[in-house]
Amino acid sequence: MFPMFIAEGTNVKVEIPSMPGIYRRSIDLTVQEVKELWSLGIKAVNIYVKVDDSLKDNAGVESWNPNGLMQRAIKAIKDAVPGMIIMPDVALDPYSVYGHDGIIKNGDIANDETVDALVRMAVSHAEAGADFVAPSDMMDGRVIRLRQGLDSAGFHNVGIMSYAAKYASSFYGPFRDALDSAPKEGGETAPKDKKTYQMDYANRIEAIREALHDVEEGADIVMVKPGIAYLDIVREVKNAVNVPVSVYQVSGEYAMVKAAAERGWLDHDKIMLEQLHCIKRAGADIISTYFAKEAAILLNK
């Protein structure tokens, strides 16, 4: 599964400096890329949008705009490649003036108000043609509310890929560069980081509990994030749940391989395939990775 970044405009293709070979593309060029991915055998994409600062607020209102960038991108991809499985990100950080996944209230994250916004966002994605919604926010109780919201809107067949075990990791830096979604310094206004809702990387037991809760609430797929540094968690989650397990090999993991290979310290293709095989060996049924296209090209030779 290939994660893609989408920007406004036409004929826009901007490389992300901290992620060599990965681009923010406008919808027209995103569609071209999706067609190529499909031809290589890649059947699913995660999509993320870079939202203009003028559309950001504390409530995430733009996130459920039926004519928003994400909604237009979903429609365009589905029209061009109907078989491609589209899993749009469900979280408020690209839409937040604070760069947080939730609504800020009294200096903290308002969980229930955030979940209300996420439900509206997810339903708008389903209306646009998404096959799954992929909540990456880590709010409590959001999976059951998303399932209820989708079902009430008539989208019984739209699945949920829950970021069940998402750690407060330092491996996310390049991704936040891509979307300009890093937490903003907020002083008394907003938390300085995401540790109040993402998981402590020293905690193993919580990952199992979170994954089981999400399955009970209706998740069709559960995700572990990051990847390589968390393969013990992948295996434990795989042993605990009865749904497919997805693993996100994140931007920092990708960037480290690219940087070392550029300096001649590692063999890029060998390391890439070794890491992907190790993620699979640990129990991943699905791997979301920025290496997807390169790996597919190599494996198709």
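The values are calculated or read from the model by the stated rules, or taken from the named source; none is laboratory data. Being a predicted model, the structure only gives us computed values, none of them experimental. A quick note on method: Cβ atoms are made from the backbone with ideal geometry, for glycine too, and the neighbour counts reach across all protein chains shown. Side chains are part of the model used for accessible areas, which takes the heavy atoms of the whole protein and leaves out ligands, DNA and RNA. Shrake-Rupley method; radii C 1.70, N 1.55, O 1.52, S 1.80 Å.
Considering only MET70, MET84, MET138, the Gaussian network model of the chain with Cα springs below 10 Å gives its largest mean-square fluctuation to MET84. A straight line joining the Cα centroids of the stretch 130-169 and the stretch 67-126 runs 11 Å. With springs only between Cα atoms under 10 Å apart, run a GNM on the chain and tell me which of ALA261, ALA211, ALA282 wobbles the most. Among ALA261, ALA211, ALA282, the largest mean-square fluctuation in the Gaussian network model of the chain belongs to ALA261. The apolar share of the surface of the chain, taken as the fraction of accessible area on carbon and sulfur atoms (1.4 Å probe, ligands and nucleic acids excluded), comes to 50 percent.
For the chain, the solvent-accessible area of protein heavy atoms averages 42 Å² per residue (probe radius 1.4 Å; ligands and nucleic acids excluded).
Highest GNM mean-square fluctuation among MET87, MET199, MET121, for the chain modelled with Cα contacts below 10 Å: MET199. Full extension of the chain between ARG120 and VAL12 yields a length gain of 36.0 nm, computed as 0.36 nm times the residue separation minus the alpha carbon distance. The aspartates and glutamates within cross-link reach of LYS75, meaning a Cα-to-Cα straight distance under 19 Å and a gap of 8 or more places when in the same chain, are GLU8, ASP28, GLU33, GLU36, GLU62, ASP89, GLU127, ASP131.
For the stretch 49-125, give the magnitude of the charge dipole about the Cα centre (Cβ charges: +1 Lys/Arg, -1 Asp/Glu; no others), in debye to the nearest 20. Walk me through the intermediate numbers first.
Details: 7 positive and 12 negative charges, 78 e Å.
About 380 debye.
Pairs spanning more than 20 Å between alpha-carbon atoms, out of LYS166/LYS280; LYS56/LYS105; LYS195/LYS258: LYS195/LYS258. For the chain, the relative contact order works out to 17 percent when only alpha carbon pairs closer than 8 Å and six or more residues apart are counted.
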